[in-house]
1. Against the definition (free of Cβ contacts under 8 Å to residues at least 60 places away in the same chain and part of a loop (DSSP other than H, G, I, E, B)), how does GLY213 come out, yes or no?
2. Consider region 266-311. How many of its residues are within 27 Å of the chain's Cα centre (by Cα) and of a type in the set (Lys, Arg)?
3. Considering only region 259-289, state which residues are touching a strand residue (DSSP E or B) at 6+ places or on another chain (Cβ under 7 Å), farther than 21 Å from GLU191 by Cα and assigned to a strand (DSSP E or B).
4. Considering only region 114-154, state which residues are open to solvent by less than 50 Å² (accessible area, probe 1.4 Å), in a loop (DSSP other than H, G, I, E, B) and closer than 23 Å to THR179 by Cβ.
5. In the set GLN152, GLN143, which member is modelled with pLDDT of 95 or more, over 18 Å from ILE271 (Cβ atoms) and not β-branched (Val, Ile, Thr)?
6. With respect to the numbered conditions (1) free of Cβ contacts under 8 Å to residues at least 40 places away in the same chain; (2) within 30 Å of ALA316 (Cβ to Cβ), which one is the sole condition not fulfilled by ILE141?
7. Whether any residue in region 99-113 is assigned to a strand (DSSP E or B), in contact with a strand residue (DSSP E or B) (Cβ under 6 Å, 6 or more places away or on another chain) and farther than 30 Å from ILE312 by Cβ is what I want to check.
8. Among the residues of region 155-183, which ones are outside any loop (DSSP other than H, G, I, E, B) and closer than 13 Å to LEU124 by Cβ?
Amino acid sequence: MNRIIIYYGSKEKFNQIIPKEYRNLTDLAYESDKDGKSMRLVIPNQNGEYPPEEKEEKINVKNFVISSDEYAGVREHVIINFANFLSKFNIENLYIQNPPLQISEQIRRLYPDAEIKYQKYKKLTTSHLFSLNNDYDNKIIGQEDVKIELLQALFPLTLRYRKKPVVLLFYGKSGIGKTETAKYLAKIIGEPIFRKQFSMYQNNQFATYLFGGAHYEKSFAKDLLDRKSNVLLLDEFDKAHPSFHSAFYQLFDEGVYEDQNYYLELKKSIIICTSNYTDLRDVEENLGSAIYNRFDKVIHFNDLTDESKIKIGEMAFKKYEKDFKYQLDEPTKLRLKNSYIQCENVRQIQHTIENTFALSVILSKVKK
């Protein structure tokens with residue numbers, strides 16, 4: 001082969017380095033299986049002699065590109081015997097995205113000069129921290145104390161020697177800024193957030209997802225390799241059963257994650273876990289000390305004060321006034337303010353204001 005590139009990163013970045021014309025794994029695996037199933041009838045001549053066996057012609061492939069989503073679509077034997085699979089083709093250039101260990105180890109043994117490329121994720125800088133310090137209070141209302149905790153926790157990532165992730169736990173009531181803070185950090189850095197909702201994982205399938213199963217099954221390691229961002233949000237982390245926490249020990253300690261199919265390193269990343277517990281003792285008891293002690297910082301999000309609710313309500317009011325192109329009368333505004341100040345979180349405030357605007361607009365059109 002002329003060139004072999006093993007690329008670790010997102011599909012978007014992988015597409016930027018591959019040629020426009022190529023053949024993929026799904027295509028060649030199908031062709032290989034089709035040829036393997038075909039039978040050739042060999043008839044002896046008059047002397048009972050069989051003609052010499054013809055050598056199987058190899059298929060010429062100029063560019064062979066394998067995307068990470070293709071491993072699930074081929075039979076297991078293709079991955080396990082990948083070197084034998086490659087031997088059926090004359091390949092000039094090979095491009096592989098996020099290969100399982102079964103494939104990458106075979107490639108490296110056969111072709112020790114293969115190029116290994118990694119996506120370069122954006123790193124947190126002191127400029128990002130300045131932006132956080134200046135703008136956070138205007139974006140996330142009522143969590144002024146959180147900003148100081150964040151600045152302290154994130155600063156080590158700006159140091160050259162720091163390679164491992166910063167792992168944070170946000171706890172407090174739902175809808176008061178935990179998830180929005182994670183999204184805000186990703187926005188400051190300039191990357192889309194990587195988010196997993198852990199409340200969805202309550203059964204044995206989660207064990208396969210975390211520790212790895214067959215190559216056709218989804219896995220957390222594969223999702224991490226395919227990610228577009230170095231800001232990770234593990235939402236409602238406390239909802240996952242404690243028996244699964246061991247999967248995260250090495251990730252939180254060293255930034256390394258591996259299962260039976262994949263291995264990866266997350267350098268200088270920000271890993272944020274959230275919990276809806278409001279008491280620190282409840283958080284530690286429910287998570288367990290083994291995982292709790294691996295967080296670099298545990299940050300409490302305060303309940304919203306009336307002053308914060310009024311500020312959130314005013315911001316939401318201006319937004320919906322612009323969106324609906326409609327102005328409420330003064331008595332309705334006052335009743336609305338008295339109503340949303342009773343709400344507990346941002347979502348409730350926004351829904352209350354949005355519903356009021358929607359109803360007022362509908363009634364105004366009915367009167368006409």
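The values are calculated or read from the model by the stated rules, or taken from the named source; none is laboratory data. Quantities reported herein were computed from a predicted structural model and do not represent experimental measurements. Don't worry about glycine lacking a Cβ; one is built from the backbone with ideal geometry, like all the others, and counts go over all protein chains shown. Ligands, DNA and RNA are excluded from the accessible area calculation, which covers all protein heavy atoms including side chains. Shrake-Rupley method; radii C 1.70, N 1.55, O 1.52, S 1.80 Å.
1. Details: free of Cβ contacts under 8 Å to residues at least 60 places away in the same chain: yes; part of a loop (DSSP other than H, G, I, E, B): yes.
The answer is yes for GLY213.
2. Matching residues across region 266-311 total 4.
3. SER275
4. To start, the set of residues in region 114-154 that are open to solvent by less than 50 Å² (accessible area, probe 1.4 Å) comprises 114, 119, 121, 124, 128-129, 131-132, 136-137, 140-143, 146-147, 150-151, 153-154.
Subsequent filtering for residues that are in a loop (DSSP other than H, G, I, E, B) retains 114, 119, 121, 124, 140-143.
Result: TYR121, LEU124, ILE140, ILE141, GLY142, GLN143.
5. Working: GLN152 fails: over 18 Å from ILE271 (Cβ atoms).
It is GLN143.
6. Just one mismatch for ILE141, condition (1).
7. There is no residue in region 99-113 that is assigned to a strand (DSSP E or B), in contact with a strand residue (DSSP E or B) (Cβ under 6 Å, 6 or more places away or on another chain) and farther than 30 Å from ILE312 by Cβ.
8. PHE155, PRO156, LEU157, THR158, VAL166, LEU168
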